[in-house]
Amino acid sequence: MFSDFQNLQIFQITLEDIVANLLVSMLCGMFIAFVYRRTYKGPGYTMSYVHSIVLLTVITTMVIMIIGNNLARAFGLVGAMSIIRFRTAVKETYDIVFIFFGLAAGLAAGAGARMIAVVGTLFIGGIVFVLARSRSFTGVGREYLLQFSARQNGTADPPYIQVLDKHCRQHRVVNVKTADDSDALLLSYFVQLRKQDRNQDFLRDLRAVPGVRQINLYYDEEQY
């Protein structure tokens, strides 16, 4: 009786079903990756993670089709997956959410619930876009540590302040010291950028200020 339960397969998967499920999961994975790319505003964006979202969705679909309703296969898969060790740390909760997003879409497509996979992906993707565009859920913004050296010009309003006012929502000095071998000041600021994806424009304008050198921008152990 237990052997009959092991071989239980409620639905038979045809070649058309396999192709349709894989295509749906691929499209859902690509849409999820597109949503992630358009809404992610952190400094640690990598193309490999975006590709991984698409592949994870398709692979999950294939795994679910292999298991079907076979209990022995399910336990065998758990044992096989326990051998794998994932050592890459996911820094942001936002990235973890998209991993589960891809898994959910892949599970639905692999189980043959293609309509749930498509509608669910579009619905959750719409929620992500709304949250990303809405200012009601926006916090105070990420705070970066800006360090650079600037020559003393004796003026009350140094020229680099205009660049800070232009690109930063807030900025405050946390450390000022004089370099030992020159008349330059070594400055440290906490800054909140007006647009998180414009940090390169901010650094370019700051480098263009006469006398400003050795610019470093830090956030969460990332340097620009």
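The values are calculated or read from the model by the stated rules, or taken from the named source; none is laboratory data. All figures in this text were calculated on a predicted structure; none of them were measured in a lab. Glycine gets a Cβ as well: all are built from the backbone with ideal geometry, and neighbour counts include every protein chain shown. What goes into the accessible areas is simple: the full protein's heavy atoms, side chains included, and nothing from ligands, DNA or RNA. Shrake-Rupley method; radii C 1.70, N 1.55, O 1.52, S 1.80 Å.
Rounded to the nearest Hz, the phi-derived 3J(HN,Hα) couplings of the stretch 52-64 under the Karplus curve 6.51 cos²θ - 1.76 cosθ + 1.60 (θ = phi - 60°) are 5, 4, 5, 5, 4, 5, 5, 5, 4, 4, 5, 5, 5, where x marks glycine and proline.
Counting only protein heavy atoms and using a 1.4 Å probe, the accessible area of Glu92 comes to about 40 Å². Close amide H partners of Arg194, meaning residues 5 or more places away or on another chain with modelled amide H under 5 Å apart, are Cys168, Arg169.
The 3J(HN,Hα) values that the Karplus relation (6.51, -1.76, 1.60; θ = phi - 60°) gives for the stretch 120-125 are, in residue order, x, 5, 5, 5, 5, x Hz. Gly and Pro appear as x. Rounded to 0.05, the FRET efficiency of the Gln147 and Val97 pair, given R0 = 35 Å and the Cβ-Cβ distance, is 0.60.
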